[in-house]
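Notes to accompany the following structure.
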Amino acid sequence: MKPTRLLWTPALAFWWRDVIRFLRQRNRIIGALATPLVFWLLVGSGFGPSFRNPGALTSAAATGSYLAYFFPGTLVLIMLFTAIFSTISVIEDRREGFLQGALVAPLSPAAIPLGKFLGGTTLAVLQAALFCVLAPLAGLPIGWHQATLLLPALVFVGFAMTGMGFLVAWPMDSTQGFHAIMNIFLMPLWMMSGALFPMPAGTGWLYWAGALNPVSYGVTAIRSSFAATSGMALPAGYLTGLVVTALFAAVMFVISVNLVSKRSKRN
Amino acid sequence: MSESKTHAIVISDLVKSFGERHALDGISLEVHRGELFCLLGPNGGGKSTLFRILATLSLPDSGAAKIAGHDVVSAAAAVRSGLGVVFQSPSLDGKLTILENLRCGGALYGLTGTELESRITEASKALNLIDRLNDIVETLSGGLQRRAEIAKCLLIRPEVLLLDEPSTGLDPGARLDLWAALEKLRSDHGVTALCTTHLMEEAARADRVGIVSSGKLVALGTPDELTAAIGGDVISLCVSKETGADQLAKLITSKTGIPATVVEGEVRIEHGEAYALAARLAGEFPKEITSLRIARPTLEDVFIARTGRLFADQDLEPDMNAPVKKKKH
């Protein structure tokens, strides 16, 4: 066999394997879907009466209720959870599992990240789409116009979330370490993204925390998708949100490929 | 490159350190084509480090290694294309069936479609797995899993197979099956296999054995050559507490002129006429000797003779994740 560095065939195998594994583990589906659902209902109902949506943001949601406000944020949380579950396996898989075999195969350094990113994105988008069925309960419209905008937003957010999970998981040697990073890094990114509460305008630290947080743009893209109308005009913030999220996803991918291609003397 | 025609693996002066510790301290050896070669050594002796370098997972500090003529550092992609690797811990996905694992495994090497399917049939026939292809891997016995693992490696029709402690966790029956499978691969397909092990009986089945201890190659040859070099049979004496093994060893050496060593509290003598010597010793030291054993030399005796130590576990191999100076590749 001539020396080659394979990309698509192995990447698709990883993708397929992730999907099959996920479908065979029912508790994972329930975990990734039920936790945010409960969170949405409890937090949403609890905060509802005291929530006042600032005027600037009401346009994005059909109603001013907190359940409606929190709905896009919950979608992002579902995607974050799914991405985390699908990348956390990398930690053990690499030392004792399927990935060991991949590391001695003649692969392009992009093959493993590409496969994992595609797998994580597929699962995250599927779970999020399932949750979207509940949108009318929150008073949000969900039809062709919304779905058309929502799908690319979900895909890029899923890709970016899987990317963050992969970057955290790859250098780790224990799942405990992953949980620590998740709690002090990934969850705050989500909380400071406008998913849980509207980020204030102005120049305060909270404003900057939101403006510099790439997750904010994903939340914005998803939230504004629900405000789609039959006209040609895109809802405010949608395009910026989508472009920034896509760029962020691309950056995550490039860093991951770089990380995987390193064969250090440390091993 | 005439060397690569006769040698499947050429290792020259490999050195690898983890901080202060030399995991490999200048190892050189060659594995011939079509050979079943065993790297025997206690845990922590350096054989896993050597395995990881040969498998292109880790970089040496200095020295070189070639597999089928390709350098493992500078031509890793070429090495990987023709190398089958069986890891100590399973590399199959337990949630998938054997067939699904084989398909995924083949895809990693760019195999698809009818070519992949025909190779799957060929490999599963070679390892007697054809009836089990649709079983979920985690429901299978350890022996079957290991066979499926080897089948996955065979999909690429490798020139060289590397196996890291392949019989770990297998019962004796499954171990025999595994060796039968390796021997068949060698005879039917001319596959060269390098296998690390800490089991003497396993190494005794190989064509040639390299014994590794403290990062050095301390013996190399066929099992018969190595044991023949001991120079006779081995007498082991248990000694009464009053005398002590050191004292008795000195007494024996001064009286008979035959070198006696002490290994783990027992006196040990290699001798061409062990039976006659044993009878003489039993007569001369009836009080000091509490029990006496004569045995044909084994690879363990070879290890003891070359290192002066019992084949017990040495220090564990260095922690892969311990902080050490990181050098970029």
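The values are calculated or read from the model by the stated rules, or taken from the named source; none is laboratory data. Since this is a predicted model, take the numbers as computed values, not measurements. Cβ atoms come from the backbone with ideal geometry, glycine included; neighbour counts cover every protein chain shown.
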Restricting the stretch A:218-250 to residues that are more than 18 Å from A:ALA147 (Cβ to Cβ) and free of Cβ contacts under 8 Å to residues at least 60 places away in the same chain, the one farthest from the chain's Cα centre (by Cα) turns out to be A:THR240
Please determine whether any residue of the stretch B:114-126 is free of Cβ contacts under 8 Å to residues at least 40 places away in the same chain and part of a loop (DSSP other than H, G, I, E, B).
no
Any residue in the stretch B:50-60 that is outside any loop (DSSP other than H, G, I, E, B) and of a type in the set (Gly, Ala, Ser)?
no
Within the stretch A:245-262, residues within 14 Å of chain B (Cβ to nearest Cβ) and not small (Gly, Ala, Ser) come out as A:ASN258, A:LEU259, A:VAL260, A:LYS262
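One line per residue, one yes/no per condition, for (1) surrounded by fewer than 20 Cβ atoms within 10 Å (Cβ to Cβ); (2) in a loop (DSSP other than H, G, I, E, B); (3) of a type in the set (Val, Ile, Thr); (4) more than 14 Å from chain B (Cβ to nearest Cβ):
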| residue | (1), (2), (3), (4) |
| --- | --- |
| A:GLY194 | no, no, no, yes |
| A:MET199 | no, yes, no, yes |
| A:TYR217 | no, no, no, yes |
| A:SER224 | no, no, no, yes |
| A:VAL243 | yes, no, yes, yes |
Taking the stretch B:271-298 only, how many residues are of a type in the set (Asp, Glu) and under 16 Å from B:ILE230 (Cα atoms)?
1
Residue that is nearest to the chain's Cα centre (by Cα) [pool: residues in the stretch B:262-278 that are surrounded by 13 or more Cβ atoms within 10 Å (Cβ to Cβ) and farther than 16 Å from B:SER240 by Cα]:
B:GLU270
Taking B:VAL209 as the residue in question, decide whether it is surrounded by fewer than 19 Cβ atoms within 10 Å (Cβ to Cβ), outside the structural domain of B:ALA274 (by TED's automatic domain parsing), part of a strand (DSSP E or B) and among the hydrophobic types (A, V, I, L, M, F, W, C).
no
Where a residue in the stretch A:13-36 is surrounded by fewer than 17 Cβ atoms within 10 Å (Cβ to Cβ) and its partner, wherever it lies, is among the β-branched types (Val, Ile, Thr), with Cβ under 7 Å and at least six apart
A:VAL19/A:THR122
I'm checking my understanding of the structure. Among residues of the stretch B:101-115 that are of a type outside the set (Val, Ile, Thr) and facing chain A (nearest Cβ under 7 Å), which one is nearest to B:ALA126 (Cα to Cα)?
B:GLY105
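Let's see how each residue does on (1) out of contact with any strand residue (DSSP E or B) (no Cβ under 7 Å at 6 or more places or on another chain); (2) under 21 Å from B:ALA203 (Cα atoms); (3) buried (at least 22 other Cβ atoms within 10 Å of the Cβ); (4) assigned by TED's automatic domain parsing to the domain that holds B:PHE87:
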site	(1), (2), (3), (4)
B:VAL15	no, no, no, yes
B:GLY19	yes, no, no, yes
B:ARG33	no, yes, no, yes
B:CYS38	no, yes, yes, yes
B:GLY46	no, yes, yes, yes
B:SER62	no, no, no, yes
Looking only at the stretch B:228-248, which residues are modelled with pLDDT of 85 or more and within 30 Å of B:GLY210 (Cβ to Cβ)?
B:ASP233, B:VAL234, B:ILE235, B:SER236
I'd like to check something: does the stretch A:137-151 contain any residue that is surrounded by 20 or more Cβ atoms within 10 Å (Cβ to Cβ), away from every other protein chain (no Cβ under 14 Å) and out of contact with any Phe, Trp or Tyr (no Cβ under 7 Å at 6 or more places or on another chain)?
yes
Pair list, Cβ under 8 Å, 6 or more apart: the stretch B:48-76 residue more than 15 Å from B:ASP13 (Cβ to Cβ) and basic (Lys, Arg), other residue surrounded by fewer than 23 Cβ atoms within 10 Å (Cβ to Cβ) and modelled with pLDDT under 95
B:ARG52/A:ASN267; B:ARG52/B:SER58
Which residues, counting only those in the stretch A:201-215, are surrounded by fewer than 21 Cβ atoms within 10 Å (Cβ to Cβ) and touching a residue at least 40 places away in the same chain (Cβ under 8 Å)?
A:ALA201, A:PRO214
Can you find, within the stretch B:1-42, the residue that is nearest to B:ASP71 (Cα to Cα) among those that are assigned to a strand (DSSP E or B) and of a type in the set (Ser, Thr, Tyr)?
B:SER12
If you check B:LEU36, B:LEU14, which single one turns out to be closer than 21 Å to B:LEU299 by Cα, modelled with pLDDT of 90 or more and away from chain A (no Cβ under 11 Å)?
B:LEU36
Considering only the stretch B:139-150, I want to know if a residue exists there that is of a type outside the set (Gly, Ala, Ser), away from chain A (no Cβ under 11 Å), in a helix (DSSP H, G or I) and in contact with a strand residue (DSSP E or B) (Cβ under 7 Å, 6 or more places away or on another chain).
yes
Given the conditions (1) within 14 Å of chain A (Cβ to nearest Cβ); (2) without any contact (Cβ under 8 Å) to a residue 60 or more places away in the chain; (3) more than 30 Å from A:PRO10 (Cα to Cα), which single one is not true for B:VAL79?
(3)
Restricting to helices (runs of 4 or more DSSP H) lying wholly in the stretch A:22-113: which have 3 or more residues that are more than 12 Å from chain B (Cβ to nearest Cβ) and at pLDDT 90 or above?
A:66-95
Against the condition facing chain A (nearest Cβ under 7 Å), closer than 27 Å to B:GLY169 by Cα, out of contact with any Ser or Thr (no Cβ under 8 Å at 6 or more places or on another chain) and modelled with pLDDT under 95, how does B:GLY84 come out, does it pass?
no
Lone unmet requirement of (1) surrounded by 15 or more Cβ atoms within 10 Å (Cβ to Cβ); (2) free of Cβ contacts under 8 Å to residues at least 12 places away in the same chain; (3) of a type in the set (Gly, Ala, Ser) for B:ALA180
(1)
